[in-house]
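For reference, the structure is listed below as structure tokens.
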Amino acid sequence: MAGARSLWRANGVKEEQFGKPIIAIVNSFTQFVPGHVHLHEIGQHLKKRIAERGCFAAEFNTIAIDDGIAMGHAGMLYSLPSRELIADSVEYMCNAHTVDAMICISNCDKITPGMLMAAMRLNIPTIFVSGGPMEAGVDGEKRYDLVDAMVMGADREVSDAEVDVVERCACPTCGSCSGMFTANSMNSLNEALGMALPGNGTIVATHANRMNLFERAAERIVDMTDAWYNREDASVLPRNIATRAAFLNSMTLDIAMGGSTNTVLHLLAIAKEAEVDFSMADIDALSRRIPNLCKVAPSSHYHMEDVNRAGGIMAILAELDRAGMIDSSVSRVEGKTLKTILEGWDVAAESCNEEARKLYLSAPAQNGRNLVMGSQQSMYESADLDRADGCIRDVEHAYSKDGGLAVLYGNIALDGCIVKTAGVDPSIFDFQGTAKVYSSQEAACEAILDGTVKAGDVVIIRYEGPKGGPGMQEMLYPTSYLKSVHLGKECALITDGRFSGGTSGLSIGHVSPEAAAGGAIALVQEGDAVEINIPKRKINVLVSDEELSRRRTEELEKGRDAFSPVDRDRHVSQALKAYAMFAASADKGAVRILPESI
Ligand SMILES: CC(C)(O)[C@@H](O)C(=O)O
Ligand SMILES: [Mg+2]
């Protein structure tokens, strides 16, 4: 292979680096996404650190889509499919160049899951480190985030001048938007899965300790390659870290935090790549026994920086561990069990180490616009260790005994659907209303804003699933608009599409099978009564089985046009059609399923 070696020399490989593992720095830097805007130089910085340890590292980039910018127009069709594109491109680059290990620099919504899917597929030593959360926006005593800007922007009772103030302050720094939105949910889950170091989900992007985290991850990946390639220690491989027990831990954390509903989709997809048996039935079972220990925006006034001050993800895992709700014998990227890591990193434990105590005091600078990673060193004066009334609660003082997510089943969701109960007012846990049916997000938004949707309605948005959209749009606008018109507690919304982590209210998504795959959500008619009962995990359109099957026969008589929207004019590109052709419904993670013959 003299040719390849010659080219590696031209890439900068030194004589002494031949024969040693090649480590890919899989970066997701882009200037289109504030969560990634600060990642330009970090890749090269890590390359130097890895070289100091004797290995050759080479950087490549993945794409990254900003859901908040893509939202509300046709751009959102591309967001979820970009996850598969990211996974594929990492596989292409790594396999084409026979990469031995990866350090994955992710952050926003689809990048962490896309890279995790690739890590499970490739099963080479891999460590993740995310770009970190954005600081919350500050206006006097008030804290704002992106979702506040969206909701207030459409609220007729909020003046343009007020909206302008919030728009300018809601997203002050680099990093992933500051609430428990999808990016932060995934980066927190990744910490619980064992693929990222403590602090990954919660240290703000601007803090010097975020830079330290990157450096520690670079050190660790060199040790991980040594463990696997020189000592045959397989415990550092992704599939030996992300085991079924680890997936259950990760989902448990999500339920305890009331994370974004997108995590369900992504964990199912990642588990499929890892060939781990993990399904909606597991999520359903967990949601019935895991309490809600932490509420973050949009479900409370707390932001990720407050979770960090309370001890971050390790503190929540430790509370869950004390109650016997997770399996802490799983191994992690540190090469240690979760139990061992919790001993050193749980701020509520006496055994907590000094490094951890300092890390969890990392604070936002609250100094206005700052796009530079690791550029400030503000520290909280004290930690939030109030487990009865603080940001993180112990099991005894849980926000609710039931977790923050629930899987509902019924005649319009035979394979299930998802609701973030942490964001639903308990007064509407049991809700019955009248269906108003729309075949696109746009049509539903119009109806909400022009007053067609009234108190007591159940807004059904169908043909927005993985196949039907295609791309399973994230619909923060209709759910935010319901709040803007003050119907947040008076209406429900049901869709085969999905939501942003910023969504709260009685918003039920991921209805499976989706309308375009023949799901009964396609058979709901305007004026039908719909019942939703969260404690009983039920969702039904109140028409008889005979009537539903009569409607199904009528739909099928349309032949080629059956189970497709009649009144929608939407341009779908070739690229999206290719995804739609293979996309499974949300209960399978919206992954592409190839025909068995291929
Ligand atoms: C733009 C948001 C809030 O990040 C959204 O994309 C999410 O999924 O949470
Ligand atoms: Mg999103």
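The values are calculated or read from the model by the stated rules, or taken from the named source; none is laboratory data. Bear in mind the structure is a predicted one, so any value in this text is a computation, not a measurement. Virtual Cβ from ideal backbone geometry, glycine too; neighbours counted across all protein chains shown. The area values use the complete protein model at the heavy-atom level, side chains included, leaving out ligands, DNA and RNA. Shrake-Rupley method; radii C 1.70, N 1.55, O 1.52, S 1.80 Å.
Using Cα-only point scatterers and the Debye equation, what is log10 of I(q)/I(0) for region 406-588 at each q in 0.08, 0.10, 0.16, 0.20 Å⁻¹, rounded to two decimals?
-0.22, -0.34, -0.91, -1.46
For a quick check of understanding: with a 1.4 angstrom probe and all protein chains in place, what accessible area in square angstrom does ASP145 have, to the nearest ten?
Result for ASP145: roughly 10 Å² accessible.
Report the one residue of PRO535, ILE460, ALA516 whose Cα lies farthest in the direction of the positive end of the charge dipole of region 446-559 (charges on C-beta: Lys and Arg +1, Asp and Glu -1; origin at the Cα centre).
So the residue furthest toward the plus end is PRO535.
In whole Å, what three semi-axes, largest first, describe the equivalent ellipsoid of region 129-259 built from its Cα gyration tensor (square root of 5 times each eigenvalue)?
Over the Cα atoms of region 129-259, the semi-axes work out to 38, 17, 9 Å.
Could you state the per residue volume, in Å³, of the convex hull enclosing the Cα atoms of region 1-42?
104 Å³
Find, among the GluC sites (Glu not before Pro) in region 337-424, those assigned to loop by DSSP (not H, G, I, E, B) with at most 10 other beta-carbon atoms within 10 angstrom.
Of the GluC sites (Glu not before Pro), the ones in loops of region 337-424 whose Cβ has at most 10 other Cβ atoms within 10 Å are GLU350, GLU381.
Add -39500 (n - 2.57) for each DSSP H run of 4 or more in the chain, then divide by its residues: what number comes out at 222 nm, to the nearest 500 deg cm²/dmol?
-10500 deg cm²/dmol
Charges at C-beta only: +1 for Lys and Arg, -1 for Asp and Glu. How large is the resulting dipole of the chain about its Cα centre, in Debye rounded to 20?
My answer is approximately 1240 debye.
Return one number: the angle in degrees, 0 to 90 and rounded to the nearest 10, between the long axis of the Cα atoms of helix 545-556 and the longest principal axis of the Cα atoms of the chain.
80 degrees
Nearest-5 percent of antiparallel DSSP beta bridges in the chain?
40 percent
According to the square roots a ≥ b ≥ c of the eigenvalues of the Cα gyration tensor, what is the shape class of the chain, taking rounded for a/c under 1.5, prolate for a/b larger than b/c otherwise, and oblate for the remainder?
Since a/c reaches 1.5 and a/b is larger than b/c, the shape of the chain is classed as prolate.
Using 1/(1 + (r/R0)^6) with R0 = 25 angstrom and r between the beta carbons of ASP233 and ASP88, what's the FRET efficiency to the nearest 0.05?
Between ASP233 and ASP88 the formula returns 0.30.
HIS397 to ASP277: FRET efficiency via 1/(1 + (r/R0)^6), r the Cβ-Cβ distance, R0 60 Å, to the nearest 0.05?
The pair HIS397/ASP277 has a calculated efficiency of 0.95.
Give me the extension gain from ASP389 to ASN353: residue separation times 0.36 nm, minus the current Cα-Cα distance, reported in nm with one decimal.
Full-extension gain reported as 10.5 nm.
Taking region 535-570, which trypsin sites (Lys or Arg not before Pro) meet the DSSP loop condition and have no more than 14 other C-beta atoms within 10 Å?
Passing sites in region 535-570 are LYS536, LYS558, ARG568, ARG570.
Once you sort the root eigenvalues of the Cα gyration tensor of region 285-354 as a ≥ b ≥ c, which label holds: rounded (a/c under 1.5), prolate (a/b larger than b/c) or oblate (the other case)?
oblate
At 7 Å along Cα-to-Cβ for each site, give me the label-to-label distance between HIS301 and LYS142 in nm.
Placing both labels 7 Å beyond Cα along the Cβ direction yields 1.2 nm.
When the gyration tensor of region 1-152 is built from Cα positions, what are the square roots of 5 times its three eigenvalues, in whole Å, from largest to smallest?
Ellipsoid half-lengths, sorted descending, are 34, 18, 12 Å.
Against the longest principal axis of the chain, how steep is helix 42-52, in degrees 0 to 90 to the nearest 10, with axes from Cα atoms?
Compared with the principal axis, the helix lies near 30 degrees.
Kindly provide the pair-distance distribution of region 1-74 built from C-alpha pairs, with 10 Å bins from 0 and whole-percent values in order of increasing distance.
17, 37, 24, 14, 7, 0
Would you list the P(r) distribution for region 198-266, with all Cα-Cα distances sorted into 5 Å bins from 0 and each bin expressed as a whole %?
4, 13, 15, 17, 19, 21, 9, 3, 0
Normalised by the number of residues in region 406-588, what is the relative contact order in percent for Cα pairs under 8 Å and 6+ residues apart?
30 percent.
To the nearest 0.05, what FRET efficiency results for GLU41 and GLU381 with a Förster distance of 25 Å applied to their C-beta separation?
My answer for the efficiency is 0.20.
Please state the relative contact order of the chain as a whole percent: Cα pairs under 8 Å, 6+ residues apart?
14 percent
Full-extension gain between ALA323 and ALA575, please, as 0.36 nm times their residue separation minus the C-alpha to C-alpha distance.
86.0 nm
Can you compute the modelled spin-label distance between VAL13 and HIS97, with each label point 7 Å from Cα toward Cβ, in nm?
About 1.1 nm, to one decimal.
Before I look further, what does the chain give for accessible area per residue, probe 1.4 Å, in whole square angstrom?
Accessible area per residue, the chain: 37 Å².
Computing the accessible area with a 1.4 Å probe over protein heavy atoms, can you report the carbon and sulfur percentage for region 406-588?
Answer for region 406-588: carbon and sulfur cover 52 percent of the accessible area.
Does region 59-139 classify as rounded, prolate or oblate by the C-alpha gyration tensor (a ≥ b ≥ c root eigenvalues; a/c under 1.5 gives rounded; else a/b over b/c gives prolate, otherwise oblate)?
oblate
If the only charges are +1 at each Lys and Arg Cβ and -1 at each Asp and Glu Cβ, what is the size of the charge dipole of region 406-588 around the Cα centre, to the nearest 20 debye?
My answer is approximately 480 debye.
If each of LYS454 and ARG537 carries a label point 7 Å out from its Cα toward its Cβ, how far apart are those two points in nm?
The modelled label-to-label distance comes out at 3.6 nm.
Given an 8 Å cut-off on Cα distances and at least 6 residues of separation, report the relative contact order of region 41-127 as a percent.
With pairs under 8 Å counted, the relative contact order is 27 percent.
Angle, helix 208-225 long axis vs. longest principal axis of the chain, Cα atoms, 0 to 90°, nearest 10?
70 degrees
If you filter region 336-370 for trypsin sites (Lys or Arg not before Pro), then keep DSSP loop positions with at most 13 other Cβ within 10 Å, what is left?
Listed in order of number, the matching sites are ARG369.
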